[in-house]
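The values are calculated or read from the model by the stated rules, or taken from the named source; none is laboratory data. Just so it is clear, the model here is predicted, and its values are computed rather than measured. Here the Cβ is made from the backbone with ideal geometry for all residues, glycine too, and neighbour counts use every protein chain on show. Just the protein is used for accessible areas: all its heavy atoms, side chains included, with ligands, DNA and RNA removed. Shrake-Rupley method; radii C 1.70, N 1.55, O 1.52, S 1.80 Å.
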Amino acid sequence: MLIKVQFLKGDKPHGREYTYRSSSPIKVGDKVQINSVAKGIVTAVDVPEEEVAAFADKVKSIVRQVKDVKAIVKNWSLYASGDNGFTAPELLHYHLQGNVYGRQGFNDGDPINTSRIVGVEDMGDHKEIVTRTGSRYLVYPQDVDPDAEKEYPGYYDRLKIREN
C-alpha cells in the first residue's frame, strides 16, 4: 500500500508530504518510523500508483508503525540547565529526572535525565511532560522525589512549566 507521510519535528508535522510504501495496515494519523532516526505522521492512505509512476522504483518503505508508549517517572524532580549564575530565570531550560518505568531501551527503575521540557499537560490525576525530542513521560503526585517535596511543598501542584 502507498501512503503519504509528513515528517515530525518534535511531535508536530513539518514540511511537505512524501510517499512511502507500507506492508502493514496503516491509517491516517498513525505515527511511523521513516528511517533509523526520522518519524512521521500518515496524512493519506491508498495513494494511487499513478501518482508515483514516474519514480515508483525510488519509493522507499517505512520501517514500522510507532506505538506511543508513555513511560512513567517515579522519584521525580526537575532541574534547570543553562544557569551560570547570571541567567535570567525565563531563559532557563527545565529537565525531568528520576527513575523511568516502561521506556524502551531502559530497565525499569533506571535513572533518567530528559531533554528540555517543552510542555506540561494536565491529565487530571497526573501530568504528561513533553520533551524537546518528542518523548512523553507521565508523572504522578505520589511519585515526587521526597527531598524535592520537603524543600518545595506542593511540588506536583507547582509544576506549570512554560514552553521553551
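Tell me, yes or no, whether segment 136-148 has at least one residue that is in contact with a strand residue (DSSP E or B) (Cβ under 6 Å, 6 or more places away or on another chain), open to solvent by less than 20 Å² (accessible area, probe 1.4 Å), more than 19 Å from D108 (Cβ to Cβ) and not in a loop (DSSP other than H, G, I, E, B). Before the answer, list the steps.
We begin by selecting, within segment 136-148, every residue in contact with a strand residue (DSSP E or B) (Cβ under 6 Å, 6 or more places away or on another chain); these are 136-139, 143, 145, 148.
Next, only the ones that are open to solvent by less than 20 Å² (accessible area, probe 1.4 Å) stay: 137, 139, 148.
With the extra rule that they be more than 19 Å from D108 (Cβ to Cβ), the set shrinks to 148.
Next, from what is left, pick out any that are not in a loop (DSSP other than H, G, I, E, B): 148.
Yes; the residues of segment 136-148 include at least one that is in contact with a strand residue (DSSP E or B) (Cβ under 6 Å, 6 or more places away or on another chain), open to solvent by less than 20 Å² (accessible area, probe 1.4 Å), more than 19 Å from D108 (Cβ to Cβ) and not in a loop (DSSP other than H, G, I, E, B).
Within segment 112-135, how many residues are over 13 Å from Y79 (Cα atoms) and open to solvent by less than 50 Å² (accessible area, probe 1.4 Å)? Don't jump to the end; show me each part of the working.
Of all residues in segment 112-135, those over 13 Å from Y79 (Cα atoms) come to 118-135.
After this cut, where a residue has to be open to solvent by less than 50 Å² (accessible area, probe 1.4 Å) as well, the list is 118-120, 126-131, 134-135.
So the count comes out to 11.
So which of V144, V100 is in contact (Cβ under 8 Å) with a residue 40 or more places away in the chain, in contact with a Phe, Trp or Tyr (Cβ under 9 Å, 6 or more places away or on another chain) and more than 26 Å from F7 (Cβ to Cβ)?
The conditions single out V144.
Within segment 120-164, can you find the residues that are under 30 Å from K31 (Cβ atoms) and acidic (D, E)?
Hits for segment 120-164 are E121, D122, D125, E128, D143, E163.
Return a yes/no flag: does segment 41-56 have any residue that is under 28 Å from S135 (Cβ atoms) and of a type in the set (F, W, Y).
Checked against the condition, which is being under 28 Å from S135 (Cβ atoms) and of a type in the set (F, W, Y), segment 41-56 yields no hits at all.
With the checklist (1) surrounded by fewer than 13 Cβ atoms within 10 Å (Cβ to Cβ); (2) over 24 Å from V5 (Cα atoms) in hand, flag the one item V28 doesn't pass.
(2)
What number of residues within segment 32-89 satisfy the criterion of being at pLDDT 90 or above, assigned to a loop (DSSP other than H, G, I, E, B), open to solvent by 30 Å² or more (accessible area, probe 1.4 Å) and not acidic (D, E)?
Qualifying residue count for the region: 2.
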